[in-house]
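Here is the structure we will look at.
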Amino acid sequence: MTFDTSMGGARKRFPETRLSLVFGTGDPDPEVRQRALEILIASYWKPVYKCLRIQWRASNEDAKDLTQGFFVSLLESQTLSRFDPARARFRTYLRTCLDRYVSNERKAAGRLKRGGGFGHVPLDFESAEGELRHVEVAVDTDPDALFHREWVRSMISRAVEELRTVSEASGRGIEYELFHRYDIEGPEQDPRPTYAGLATELGIDVTRVTNALHAARGRFRAILLELLREASVSEAEFRADVTALLEDDRS
Amino acid sequence: MSGLSDVTIRHLREVADWPSPGERYEVIEPIARGGMGKVYRARDHELERDVALKVLNLSRSGPDAARRMVREARIHAGLEHPGIVPIHDVGRLADGRVFYTMKLVRGTRLDAFTREHTDLDTLLRVFERICDAVAFAHAHGVIHRDLKPGNVMVGAFGEVLVMDWGVAKTLGGREAEGGARNEAAADDGEEEATGGWRARSGDSSRVISTGPETVSDPRVGPDTHPGTVLGTPGYMAPEQAAGNIERIDERTDVYALGMILRGFVTAVGGKPRRSLLALIARATEADPERRYDGVVQLADDVASFQAGRRVVAYRETAWEHAARIGYRFRTPILLILAYGLIRLLIFVLAGT
């Protein structure tokens, strides 16, 4: 799977019986721990970064350091092991942890350069900055709503990227091309592209266009659900995440 | 990849959730949504007609939810009555979600209808038709559990349709015809299906839906257990609001119907007759034992009220009795009085 982060190591799915992503980060097996960490960072680093930039009004450089430091602190302080699913959603908990972390860092009159055997993760901050330029976010946006919204964007963006990788690797580039033209670029175009127009442009018939789009959308849905499942801390949270991402009007 | 805009994100969320029910049905647009799923307008290319397609949310795509959805469709399909929306088909999407199609009802939701029609006689005629449909369901062992104006549609030709049997319960020992087997009754004595629906974009005159939203606890498992609350605040009987499942029966729907009737009286305004208020009070008694025994009894009392007959729920005084009889037979009484007056005039004129 292609993430914006590049942590290295082969992808390893959690066993279905795993308790959670959260507990995976404290697992004695380093491979499980590594994978849990990758998922955690891939799912949340952009919402964290954007929250720092918008809500905490951190400069670009400060936000980069704070993002790195936040994830390191999560691991070093075993904060995640104190997460109680009965009391809050994981996202809410994480955002609260972020607030506490930033507040403490600022109280300490400057950032501590964290490292602790974890090192800095290569994160594509430029892409996050690019997204911030594209997205209109009011400074006074409710922090929870902002974090949720950026989490939605992060998960959907990852699913699109994964779809592109999978489609190209399996010789289905035309399907992704149509998906990209119709479902990613299309919504912003006026007039919207049509099946017939795309068929003419690409020299294929309309049925091929609709079938390819249908297939790409089905795969996109499956990938998105898979990403949500692996980043959820429990079955209940997975369902809540699917609802929040796909079925909730507030997002 | 450059960032996805809000517009694209919104579109991709819809794309991910959009059902693909195969070649026969083409999904056109979402028309209602609920805690458990969505209803779409879809085109049935086989029969060349529009239908309503109800599909579970992706978050509810597990085997239990699918089983419950099929069960709901069966309960619904077993209730063949002009006042209940007919089910056409049930199937499964490529992603495993169960869907079913039903008649696409074109009309006005009862809450909107009530705002447009404040004539009590008209509203009571609608009410009687609702009672007919609910009484039919009760006769087949099905309790609606979510009766409210948002779940009733009034068609252009006056037809009245009771919608959304999603939280219906079947009573043990009885079965709806057409395959609505009470499978869960064997397990825990009751059966319950998916949550309620609310219309998109506040379009109350299009299709299905609600004002107050149906409560359905997402933490609840596939079957309802004591303590589970399903229904809509404001229309839920006390035993339902308390999650007292053992006490839910036909009288639970009687309570909701009483609340609908109360809404009619409020919409009409003015000073309602005491007998009508007593009728509503009887239907909405907190204790089910003190309510009407069933919807038929409630409907009979409403019919009595409309016809000027004595209402069971109200003990009238001698004066009220005389006034009611006088009003009921006002036409012959007026004729007799007119006749007497004419005779008197003739007598007086003849004497002068």
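Below are the figures for this structure:
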{"item": "Selection from segment B:7-61 of residues that are within 11 Å of chain A (Cβ to nearest Cβ), assigned to a strand (DSSP E or B) and either hydroxyl-bearing (Ser, Thr, Tyr) or under 15 Å from B:Ala94 (Cα atoms) (or both)", "result": "B:Glu26, B:Leu56"}
{"item": "Segment B:77-106 residues that are away from chain A (no Cβ under 14 Å) and buried (at least 17 other Cβ atoms within 10 Å of the Cβ), paired with ones that are of a type in the set (Asp, Glu) and assigned to a loop (DSSP other than H, G, I, E, B) (beta carbon under 6 Å, 6 or more apart)", "result": "B:Gly78/B:Glu177"}
{"item": "Qualifying residue in segment B:328-342 (condition: under 30 Å from B:Ala133 (Cα atoms), out of contact with any Gly (no Cβ under 7 Å at 6 or more places or on another chain) and part of a loop (DSSP other than H, G, I, E, B))", "result": "no"}
{"item": "Of residues in segment B:265-307 being among the hydroxyl-bearing types (Ser, Thr, Tyr) and over 21 Å from the mean Cα position of the chain (by Cα), the one nearest to B:Ile130 (Cα to Cα)", "result": "B:Ser304"}
{"item": "Checking B:Thr122 against (1) assigned to a helix (DSSP H, G or I); (2) under 26 Å from B:Val254 (Cα atoms); (3) touching a residue at least 12 places away in the same chain (Cβ under 8 Å), the condition it does not meet", "result": "(3)"}
{"item": "Of residues in segment A:150-183 being polar (S, T, N, Q) and surrounded by fewer than 16 Cβ atoms within 10 Å (Cβ to Cβ), the one nearest to A:Val48 (Cα to Cα)", "result": "A:Thr165"}
{"item": "Scan of segment A:83-110 for residues that are small (Gly, Ala, Ser) and under 22 Å from the mean Cα position of the chain (by Cα), ordered by number", "result": "A:Ala88"}
{"item": "Selection within segment B:91-112 - of a type in the set (A, V, I, L, M, F, W, C), part of a helix (DSSP H, G or I) and touching a Pro at 6+ places or on another chain (Cβ under 8 Å)", "result": "B:Leu110"}
{"item": "Selected residue (criterion: surrounded by the most Cβ atoms within 10 Å (Cβ to Cβ)) from residues of segment A:52-67 that are out of contact with any Pro (no Cβ under 6 Å at 6 or more places or on another chain) and under 13 Å from A:Ser103 (Cβ atoms)", "result": "A:Leu66"}
{"item": "Residue satisfying condition, being among the charged types (D, E, K, R) and surrounded by 19 or more Cβ atoms within 10 Å (Cβ to Cβ), within set B:Asp253, B:Asp300", "result": "B:Asp253"}
{"item": "Condition check for A:Ala231: in contact with a Ser or Thr (Cβ under 6 Å, 6 or more places away or on another chain) and small (Gly, Ala, Ser)", "result": "yes"}
{"item": "Where B:Ser59 falls short, out of the listed (1) crowded, with 23+ Cβ neighbours inside 10 Å; (2) more than 21 Å from A:Arg239 (Cβ to Cβ)", "result": "(2)"}
{"item": "Considering residues of segment A:180-200 that are out of contact with any helix residue (DSSP H, G or I) (no Cβ under 7 Å at 6 or more places or on another chain) and without any contact (Cβ under 8 Å) to a residue 12 or more places away in the chain only, the residue nearest to B:Leu4 (Cα to Cα)", "result": "A:Glu185"}
{"item": "Matching residues, segment A:95-143, being among the aromatic types (Phe, Trp, Tyr) and modelled with pLDDT of 60 or more", "result": "A:Tyr101, A:Phe125"}
{"item": "Residue satisfying condition, being closer than 30 Å to A:Ser167 by Cβ and modelled with pLDDT under 85, within set A:Phe83, A:Phe3, A:Phe23", "result": "A:Phe3"}
{"item": "So B:Glu72, is it in a helix (DSSP H, G or I) and under 18 Å from the mean Cα position of the chain (by Cα)", "result": "yes"}
{"item": "Restricting segment A:184-211 to residues that are surrounded by 19 or more Cβ atoms within 10 Å (Cβ to Cβ) and in contact with a Phe, Trp or Tyr (Cβ under 8 Å, 6 or more places away or on another chain), the residue that is farthest from A:Asp241 (Cα to Cα)", "result": "A:Leu198"}
{"item": "Enumerated helices (runs of 4 or more DSSP H) restricted to segment B:225-293, each holding at least 3 residues that are hydrophobic (A, V, I, L, M, F, W, C) and within 21 Å of B:Asp164 (Cα to Cα)", "result": "B:250-268"}
{"item": "Those helices (runs of 4 or more DSSP H) lying entirely in segment A:138-203 with at least 1 residues among the polar types (S, T, N, Q) and touching a Ser or Thr at 6+ places or on another chain (Cβ under 6 Å)", "result": "A:143-169"}
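For (1) facing another protein chain (nearest Cβ under 9 Å); (2) more than 16 Å from A:Ala159 (Cα to Cα), each residue gets a yes or a no:
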{"residue": "A:Leu198", "(1), (2)": "no, yes"}
{"residue": "A:Glu201", "(1), (2)": "no, yes"}
{"residue": "A:Arg217", "(1), (2)": "yes, no"}
{"residue": "A:Leu225", "(1), (2)": "yes, no"}
{"residue": "A:Ala236", "(1), (2)": "yes, yes"}
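Per-residue answers, yes or no, for (1) more than 10 Å from chain B (Cβ to nearest Cβ); (2) of a type in the set (S, T, N, Q); (3) touching a Gly at 6+ places or on another chain (Cβ under 6 Å); (4) closer than 30 Å to A:Tyr44 by Cβ:
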{"position": "A:Gly130", "(1), (2), (3), (4)": "no, no, yes, yes"}
{"position": "A:Val160", "(1), (2), (3), (4)": "no, no, no, yes"}
{"position": "A:Ile174", "(1), (2), (3), (4)": "yes, no, no, no"}
{"position": "A:Leu178", "(1), (2), (3), (4)": "yes, no, no, no"}
{"position": "A:Asp205", "(1), (2), (3), (4)": "yes, no, no, no"}
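The values are calculated or read from the model by the stated rules, or taken from the named source; none is laboratory data. A quick note: this is a predicted structure, and the numbers were derived from the prediction, not measured. All Cβ positions, glycine included, derive from the backbone under ideal geometry; neighbour counts span all protein chains shown.
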